[in-house]
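Undergrad: Next up is a structure, given as structure tokens.
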Amino acid sequence: MYNNLRRFIAFLFAITILYFGIKTESIFYWAIVIIIIGEVIRIWAAGYIKKNKILSIVGPYKYVRNPLYVGSLLIGIGFGLFIANFYILFIMILFFIIIYNLKINSEEKKLESIFGEQYTEYKKIVKRWLPRLKSYGVADEKFNIKLAIFKNKEYNAILGCIGMILAILFMRK
């Protein structure tokens, strides 16, 4: 349920960002850096996640439980700053927090049923949104770019970000 709502609202925000991006007189190009950081975090996280098979506690998951969503939030903030519309930015952050917290609650119940005590212990130590300075555990594995880009379909987010930025820039001229 939350996936469809999340996608619908993301689509509305994309249209809104495109519209206001074309109309906005000034664009804060440094906000692209925030968008890139958000996407790098998403790629990093997607290169470790093996959904419902292995509990991801390596890579960025050693620091924060939901690095994919942290990356998405940074991308949204970057676009809000990019088009210099702080009303859209505020509304986007508000919707993001509400919808993603509902989604995370649902996901956490599923993870607890699959991984039991292992997930419960991880959840006690690693925060949902705010990264830890000290990494959780010692287990590590190699980052897998094919897993990130193709299996976990991060190419969608990459192409979406590039497409939105280019569309705004080219349609403004």
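Results for (1) of a type in the set (A, V, I, L, M, F, W, C); (2) modelled with pLDDT of 90 or more; (3) crowded, with 19+ Cβ neighbours inside 10 Å, shown as yes or no for each residue.
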residue: I9; (1), (2), (3): yes, no, no
residue: F90; (1), (2), (3): yes, yes, no
residue: F96; (1), (2), (3): yes, yes, yes
residue: N101; (1), (2), (3): no, yes, no
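Undergrad: Counting just the residues of region 117-155 that are in a helix (DSSP H, G or I) and among the basic types (K, R), which one comes out nearest to the chain's Cα centre (by Cα)? Working first, answer last.
TA: Going through region 117-155, the residues in a helix (DSSP H, G or I) turn out to be 117-125, 145-151, 155.
Next cut, among the basic types (K, R) only: 123-124, 146, 151.
On the way: K123: 19, K124: 22, K146: 18, K151: 17 Å.
Per the stated criteria, the residue is K151.
Undergrad: Let me ask something else. Could you tell me which of the residues I75, I93, I88, I98 is without any contact (Cβ under 8 Å) to a residue 12 or more places away in the chain and in a helix (DSSP H, G or I)?
TA: Working: I75 fails: without any contact (Cβ under 8 Å) to a residue 12 or more places away in the chain; I93 fails: without any contact (Cβ under 8 Å) to a residue 12 or more places away in the chain; I88 fails: without any contact (Cβ under 8 Å) to a residue 12 or more places away in the chain.
The conditions single out I98.
Undergrad: While we're on this one: Kindly provide the set of residues from region 39-72 that are among the aliphatic types (A, V, I, L, M), in contact (Cβ under 8 Å) with a residue 12 or more places away in the chain and not in a helix (DSSP H, G or I), ordered by number. Break it down stepwise before answering.
TA: Filtering region 39-72 down to residues among the aliphatic types (A, V, I, L, M) leaves 40-41, 43, 45-46, 49, 54-55, 57-58, 64, 68, 70.
Checking the rest, the ones that are also in contact (Cβ under 8 Å) with a residue 12 or more places away in the chain come to 40-41, 43, 45-46, 49, 55, 57-58, 64, 68, 70.
Residues satisfying the conditions are I49, L55, I57, V58, V64.
Undergrad: Evaluate region 73-88: report whether one residue or more is under 18 Å from the mean Cα position of the chain (by Cα) and within 25 Å of K142 (Cβ to Cβ). Write out each step before concluding.
TA: The first filter runs over region 73-88 and keeps only residues under 18 Å from the mean Cα position of the chain (by Cα), leaving 73-82, 88.
Restricting the remaining residues to those that are within 25 Å of K142 (Cβ to Cβ) gives 74.
Looking through region 73-88, at least one residue is under 18 Å from the mean Cα position of the chain (by Cα) and within 25 Å of K142 (Cβ to Cβ).
Undergrad: Of all the residues that make up region 128-173, how many are among the basic types (K, R) and either exposed (fewer than 12 other Cβ atoms within 10 Å of the Cβ) or under 15 Å from G71 (Cα atoms) (or both)? Spell out the reasoning first.
TA: Taking region 128-173 as the starting set, the residues that turn out to be among the basic types (K, R) are 128, 132, 134, 142, 146, 151, 153, 172-173.
Those still in the list that are either exposed (fewer than 12 other Cβ atoms within 10 Å of the Cβ) or under 15 Å from G71 (Cα atoms) (or both) too: 128, 134, 142, 146, 153, 173.
Residues flagged as among the basic types (K, R) and either exposed (fewer than 12 other Cβ atoms within 10 Å of the Cβ) or under 15 Å from G71 (Cα atoms) (or both) within region 128-173 amount to 6.
Undergrad: Still on this structure, I have one more. I'm told A45 meets every condition in (1) of a type in the set (A, V, I, L, M); (2) surrounded by fewer than 20 Cβ atoms within 10 Å (Cβ to Cβ); (3) touching a Phe, Trp or Tyr at 6+ places or on another chain (Cβ under 9 Å) except one. Can you identify the failing condition by its number?
TA: Of everything listed in (1) of a type in the set (A, V, I, L, M); (2) surrounded by fewer than 20 Cβ atoms within 10 Å (Cβ to Cβ); (3) touching a Phe, Trp or Tyr at 6+ places or on another chain (Cβ under 9 Å), A45 misses just condition (2).
Undergrad: Please indicate, with yes or no, whether at least one residue in region 30-39 is over 24 Å from N152 (Cβ atoms), in contact with a Ser or Thr (Cβ under 6 Å, 6 or more places away or on another chain) and of a type in the set (G, A, S).
TA: For region 30-39, residues over 24 Å from N152 (Cβ atoms), in contact with a Ser or Thr (Cβ under 6 Å, 6 or more places away or on another chain) and of a type in the set (G, A, S): absent.
Residues are listed down the side, and each one gets a yes or a no for (1) over 25 Å from K127 (Cα atoms); (2) not in a loop (DSSP other than H, G, I, E, B):
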position	(1), (2)
I9	yes, yes
L12	yes, yes
Y19	yes, yes
I27	yes, no
I32	yes, yes
I37	no, yes
L81	yes, yes
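The values are calculated or read from the model by the stated rules, or taken from the named source; none is laboratory data. Just so it is clear, the model here is predicted, and its values are computed rather than measured. Here Cβ is always computed from backbone atoms with ideal geometry, including for glycine, and neighbour counts include all displayed protein chains.
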